[in-house]
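See below for the structure under consideration.
The values are calculated or read from the model by the stated rules, or taken from the named source; none is laboratory data. Everything numeric in this text was worked out from a predicted model, so none of it was measured. Positions of Cβ are generated from backbone atoms using ideal geometry, with glycine treated the same way; all protein chains shown enter the neighbour counts.
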Amino acid sequence: MKKKISILGSTGSIGLNALMILEKKKIYFDIILLSANKNFPLICKQIKKYHPKIFVITDKKIYKKVKNKFKLKTIKILNNFKSLKFKKRIDITISAVPGIAGLEPTIFMVKASKKILIANKESIICGWDLIKKDSLKYNTEIVPIDSEHFSLLNLLRENEIKNIKKIYITASGGPFLNLQINKFKNISPREALKHPKWKMGKKISIDSATLMNKMLELIEAQKLFKIPDYKLDIIIHPESLVHAIIILNNGLIKFLYHETSMIVPLANAIFDGNIHIQDFLQIKGSKKNDSIKNLTFDKINKKTFPIIKIKKRLNEYPSTPIILNAANEILVDQFLLKKIPFLSISKNIMNILSDRNYKKYAIRNPKNLNQINKIDQWAKQWTLKKIKK
Ligand code: NDP
Ligand code: MG
């Protein structure tokens with residue numbers, strides 16, 4: 001029987017990679033649900049090409065426009081997940097909406113799916129307890145596909161954390177790894193969006209340029225694998241081929257290496273590792289797909305990446321991750337809109353941690369989505385109000 005698939009964020013970078021993989025083996029899959037926000041032409045194209053039974057469109061105007069265009073078709077076009085019911089559970093859901101906006105649909109789909117592949121790190125950072133609770137209740141398998149966490153999942157399957165001295169997730173360093181410090185003032189959104197190794201959506205590309213992406217990924221790793229703070233660190237690895245490293249107490253060091261492409265974790269997670277990656281990936285610049293390239297590793301330069309200063313405070317209080325994530329979402333938006341300079345992103349994130357009201361919200365331990373959203377809203381409003389250029 002064909003596997004039933006849903007993709008949250010189907011018009012984005014991860015969504016399109018997932019669709020490309022599924023298309024190559026389309027006899028095995030039925031695309032039941034797709035979701036997106038406002039990319040009208042691509043939403044229409046995906047409806048015609050993949051014939052999903054349901055398309056959820058968040059943006060109200062675009063939702064109405066698409067609904068109108070396809071009113072004579074059998075597809076259900078919805079504006080949210082609330083009224084949605086499935087007769088049978090979805091086999092695989094891919095969660096790839098950026099930001100906390102992905103949390104509510106992810107929680108909804110945890111209940112309705114047998115397996116969830118989570119790219120949307122912000123939902124793990126802000127709502128892991130809720131996702132975990134429902135995954136246990138509904139017996140849903142959760143597979144992180146952020147490349148570092150997919151690598152850790154593999155490495156930690158065979159090695160217990162108690163036998164590990166240190167765990168590193170790697171960082172490419174983004175577009176400004178070797179930029180002179182005095183040039184940081186004038187970085188434009190266009191320059192910051194040009195990642196040297198990965199082709200990704202706007203938000204995660206800016207997070208990679210500031211290194212906030214790695215701060216979020218440290219939290220993500222702690223939530224997913226319960227790694228104590230002192231065992232977890234970041235290492236610069238410009239080639240982006242090794243994604244995670246574990247140093248064992250017994251002197252062995254293991255790491256996971258794969259080509260710099262999200263197709264690798266995605267395809268492996270979809271097919272439980274039973275694939276020939278050549279079926280999905282054309283590896284550039286090498287005739288042999290399995291050639292191993294030179295690898296370099298380096299410490300992080302605090303002057304290039306001032307955000308690293310918050311590393312010790314990432315899990316200071318139960319809601320610190322929600323607050324940091326919310327402030328960052330606003331600051332990335334403001335930078336992309338050219339309202340603040342690049343360096344203000346890290347500066348303002350640090351400022352919220354020294355605000356007198358910070359602790360009042362950070363010590364809360366939210367028990368449901370509503371409580372998470374309240375903390376998120378406070379931090380977003382605070383950031384907009386207090387933003388310094
Ligand atoms: P993109 O910006 O490329 O795509 C985002 C997708 O989500 C689009 O389909 C977009 O719809 C939809 N979307 C955006 N905002 C909303 C919203 N408010 N409500 C509903 N749908 C929305 O993002 P990426 O694919 O790059 O990233 C997705 C997630 O995966 C992020 O959390 C990121 O951190 C994570 N990730 C991504 C990696 C990558 O290589 N790209 C690597 C590791 C993790 P529309 O196009 O219609 O606006
Ligand atoms: Mg990553």
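Mind listing whichever residues of segment 26-49 are in contact (Cβ under 8 Å) with a residue 40 or more places away in the chain and within 16 Å of Asp91 (Cβ to Cβ)?
Those that are in contact (Cβ under 8 Å) with a residue 40 or more places away in the chain and within 16 Å of Asp91 (Cβ to Cβ): Ile32, Leu33.
In segment 167-187, which residues are within 23 Å of the chain's Cα centre (by Cα) and surrounded by fewer than 20 Cβ atoms within 10 Å (Cβ to Cβ)?
So the first thing to find is which residues in segment 167-187 are within 23 Å of the chain's Cα centre (by Cα), and the list is 167-177.
Correct list: Pro175, Leu177.
Yes or no, residue by residue, for (1) within 17 Å of Lys309 (Cβ to Cβ); (2) more than 12 Å from ligand 2 (Cβ to nearest atom):
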{"position": "Gly201", "(1), (2)": "no, yes"}
{"position": "Ile204", "(1), (2)": "no, no"}
{"position": "Asn213", "(1), (2)": "yes, no"}
{"position": "Leu216", "(1), (2)": "yes, no"}
{"position": "Ile219", "(1), (2)": "yes, yes"}
{"position": "Gln222", "(1), (2)": "no, yes"}
{"position": "Leu232", "(1), (2)": "yes, yes"}
{"position": "Pro238", "(1), (2)": "no, yes"}
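Tell me whether segment 144-153 contains one or more residues that are within 16 Å of Ile94 (Cα to Cα), β-branched (Val, Ile, Thr) and at pLDDT 95 or above.
Taking segment 144-153 first, the residues within 16 Å of Ile94 (Cα to Cα) are 144-147, 149-150.
Still in the running and β-branched (Val, Ile, Thr): 145.
If we keep only those that are at pLDDT 95 or above as well, we get 145.
Yes, segment 144-153 contains at least one residue that is within 16 Å of Ile94 (Cα to Cα), β-branched (Val, Ile, Thr) and at pLDDT 95 or above.
Quickly run through segment 240-274 and pick out the residues that are under 22 Å from Lys293 (Cβ atoms), assigned to a loop (DSSP other than H, G, I, E, B) and either more than 16 Å from ligand 1 (Cβ to nearest atom) or in contact with a helix residue (DSSP H, G or I) (Cβ under 6 Å, 6 or more places away or on another chain) (or both).
Across segment 240-274, the qualifying residues are His258, Met262.
Filter segment 138-170 down to the residues that are part of a helix (DSSP H, G or I) and either within 16 Å of ligand 2 (Cβ to nearest atom) or touching a residue at least 12 places away in the same chain (Cβ under 8 Å) (or both) and list them by number. Show your work before the answer.
We begin by selecting, within segment 138-170, every residue part of a helix (DSSP H, G or I); these are 147-157, 161-163.
Scanning segment 138-170 gives Ser147, Glu148, His149, Phe150, Ser151, Leu152, Leu153, Asn154, Leu155, Leu156, Ile161, Asn163.
Can you name the helices (runs of 4 or more DSSP H) wholly within segment 310-389 that have at least 2 residues being surrounded by fewer than 16 Cβ atoms within 10 Å (Cβ to Cβ) and not hydroxyl-bearing (Ser, Thr, Tyr)?
Working: elements: 320-336, 343-352, 358-362, 369-386.
Hits in segment 310-389: 358-362, 369-386.
Do you know which of the residues in segment 209-265 that are surrounded by fewer than 16 Cβ atoms within 10 Å (Cβ to Cβ) and of a type in the set (Phe, Trp, Tyr) is nearest to Ser344 (Cα to Cα)?
Result: Tyr230.
Can you tell me which of (1) surrounded by fewer than 23 Cβ atoms within 10 Å (Cβ to Cβ); (2) under 30 Å from Pro52 (Cα atoms); (3) more than 14 Å from the chain's Cα centre (by Cα); (4) within 15 Å of ligand 1 (Cβ to nearest atom) is the one Thr93 doesn't meet?
The single condition Thr93 does not satisfy is (1).
Taking segment 196-213 only, how many residues are in a helix (DSSP H, G or I), within 13 Å of ligand 1 (Cβ to nearest atom) and in contact (Cβ under 8 Å) with a residue 60 or more places away in the chain?
Qualifying residue count for the region: 6.
Give me a count of the residues in segment 48-88 that are of a type in the set (Lys, Arg), surrounded by 14 or more Cβ atoms within 10 Å (Cβ to Cβ) and under 21 Å from Thr106 (Cα atoms).
Total meeting the criteria: 2.
Checking the condition surrounded by 15 or more Cβ atoms within 10 Å (Cβ to Cβ), within 20 Å of the chain's Cα centre (by Cα) and not aromatic (Phe, Trp, Tyr), which residue from Leu42, Leu19 passes?
On the way: Leu42 fails: within 20 Å of the chain's Cα centre (by Cα).
Exactly one of Leu42, Leu19 is surrounded by 15 or more Cβ atoms within 10 Å (Cβ to Cβ), within 20 Å of the chain's Cα centre (by Cα) and not aromatic (Phe, Trp, Tyr), namely Leu19.
Is it true that some residue in segment 98-118 is without any contact (Cβ under 8 Å) to a residue 24 or more places away in the chain, surrounded by fewer than 24 Cβ atoms within 10 Å (Cβ to Cβ) and hydrophobic (A, V, I, L, M, F, W, C)? So that I can check it myself, show each step before the final result.
Filtering segment 98-118 down to residues without any contact (Cβ under 8 Å) to a residue 24 or more places away in the chain leaves none.
Within segment 98-118, none of the residues are without any contact (Cβ under 8 Å) to a residue 24 or more places away in the chain, surrounded by fewer than 24 Cβ atoms within 10 Å (Cβ to Cβ) and hydrophobic (A, V, I, L, M, F, W, C).
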